[in-house]
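Undergrad: I have a structure I would like to understand better, so I am pasting it below and will then ask my questions one at a time.
The values are calculated or read from the model by the stated rules, or taken from the named source; none is laboratory data. Because the structure is a prediction, the values reported are computed rather than measured. Positions of Cβ are backbone-derived with ideal geometry, glycine not excepted, and every protein chain shown enters the neighbour counts. These area figures cover heavy atoms from the full protein model, side chains too; ligands, DNA and RNA do not enter into them. Shrake-Rupley method; radii C 1.70, N 1.55, O 1.52, S 1.80 Å.
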Amino acid sequence: MTGNEDSPHRLHGRSQEIYDALRLAGIIREGDHVRRVIIDINVSDAVVVYIERYGDSRMLDLIPVLGGAEIRWSDKIPAAAAEAEAT
């Protein structure tokens, strides 16, 4: 596949084309901090879309519902969180 303009090109997860298609389809919204989108198509079942988002301060509202939680603070930012902050 060298030099053929009609050949399909590889897409990266951060591709603007992918983002625009997901946004226009209503799967994600402007400003969402989405980490992963999985579209699971099984020929004998309904299509299922899994959207993995980064947690934010709204997660703290879940603590009463969960019956409590332990919150740990750290000066170190995990690589995944640092990646989300950079976008």
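Undergrad: Any idea how many residues of region 14-39 are within 16 Å of ASP56 (Cβ to Cβ), open to solvent by 90 Å² or more (accessible area, probe 1.4 Å) and in a loop (DSSP other than H, G, I, E, B)?
TA: Matching residues across region 14-39 total 3.
Undergrad: Just to verify a result, which residue in region 44-65, among those that are among the acidic types (Asp, Glu) and open to solvent by 90 Å² or more (accessible area, probe 1.4 Å), is farthest from the chain's Cα centre (by Cα)?
TA: ASP45
Undergrad: Of everything in region 23-46, what is basic (Lys, Arg) and in contact with a strand residue (DSSP E or B) (Cβ under 9 Å, 6 or more places away or on another chain)? Give them in sequence order.
TA: Result: ARG35, ARG36.
Undergrad: Quick check, is GLU70 modelled with pLDDT under 80 and either hydroxyl-bearing (Ser, Thr, Tyr) or open to solvent by 100 Å² or more (accessible area, probe 1.4 Å) (or both)?
TA: It is true that GLU70 is modelled with pLDDT under 80 and either hydroxyl-bearing (Ser, Thr, Tyr) or open to solvent by 100 Å² or more (accessible area, probe 1.4 Å) (or both).
Undergrad: Here's another thing I want to ask about it. In region 25-61, what residues are without any contact (Cβ under 8 Å) to a residue 12 or more places away in the chain and among the basic types (Lys, Arg)?
TA: Of everything in region 25-61, those that are without any contact (Cβ under 8 Å) to a residue 12 or more places away in the chain and among the basic types (Lys, Arg) turn out to be ARG29, ARG58.
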